[in-house]
Amino acid sequence: MVHNCVVEISYTDFAVVGGGVAGLRAAIALAEGGQTLVDSGRLRDSITHAVEPGRAVIGSNLVYAAIHQLGGEAGRNRSVTLPARPYLGISPADEIEIGAILDDHLSGAVQ
């Protein structure tokens with residue numbers, strides 16, 4: 001599922017969560033054959049995951065990953081405020097797939 005989500009980000013260039021003005025800009029860029037907020041693709045390519053008992057963690061170890069996801073102050077003396085531009089999240093289709101995976105897992109545990 002993580003791979004599918006990364007591929008979806010790569011091909012559609014939609015933020016998985018959010019929407020608003022950023023989602024509208026991405027939709028316009030997609031319709032015009034372009035991309036928004038993609039330079040080298042390094043952030044997209046850095047998305048990784050770890051599965052442990054009771055949890056799954058998805059993220060990036062790049063130093064600028066958090067500022068893209070959460071927004072905040074950056075630059076010299078924190079002089080620039082950047083808006084959040086989430087690149088990680090759960091889409092409605094992901095929610096359905098996660099529910100199906102949980103149903104399968106819990107059904108197997110009950111038997």
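The values are calculated or read from the model by the stated rules, or taken from the named source; none is laboratory data. No experiment lies behind these values; they were computed from the predicted model shown. Please note: Cβ atoms are built from the backbone with ideal geometry, for glycine as well, and neighbour counts cover all protein chains shown.
So which residues in the range 48-61 are surrounded by 10 or more Cβ atoms within 10 Å (Cβ to Cβ) and not polar (S, T, N, Q)?
H49, V51, A56, I58, G59
Being among the small types (G, A, S) and modelled with pLDDT under 85 is the filter here, so list the residues in the range 29-69 that pass it.
A29, A31, G33, G34, S40, G41, G54, A56, listed by residue number.
Could you please find all residues in the range 69-82 being assigned to a strand (DSSP E or B) and on the phi > 0 side of the Ramachandran plot?
Of all residues in the range 69-82, those assigned to a strand (DSSP E or B) come to 72-74, 80-82.
Hit for the range 69-82 is G72, nothing else.
Which one of the conditions (1) modelled with pLDDT under 85; (2) exposed (fewer than 14 other Cβ atoms within 10 Å of the Cβ); (3) over 13 Å from the mean Cα position of the chain (by Cα); (4) of a type in the set (G, A, S) does G19 fail to meet, given that it meets all the rest?
Unmet condition: (3).
So, in the range 70-79, of the ones that are farther than 19 Å from I90 by Cα and out of contact with any helix residue (DSSP H, G or I) (no Cβ under 6 Å at 6 or more places or on another chain), which residue ends up modelled with the lowest pLDDT?
Going through the qualifying residues, I end up with G75.
Read through the list (1) charged (D, E, K, R); (2) exposed (fewer than 11 other Cβ atoms within 10 Å of the Cβ); (3) within 15 Å of the chain's Cα centre (by Cα), then give the number of the only condition that D45 fails.
(2)
This table checks each residue for (1) surrounded by 10 or more Cβ atoms within 10 Å (Cβ to Cβ); (2) in contact (Cβ under 8 Å) with a residue 40 or more places away in the chain; (3) not in a loop (DSSP other than H, G, I, E, B).
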position: V63; (1), (2), (3): no, no, no
position: A84; (1), (2), (3): yes, yes, no
position: Y87; (1), (2), (3): yes, yes, no
position: A93; (1), (2), (3): yes, no, yes
position: I101; (1), (2), (3): yes, yes, yes
position: D104; (1), (2), (3): yes, no, yes
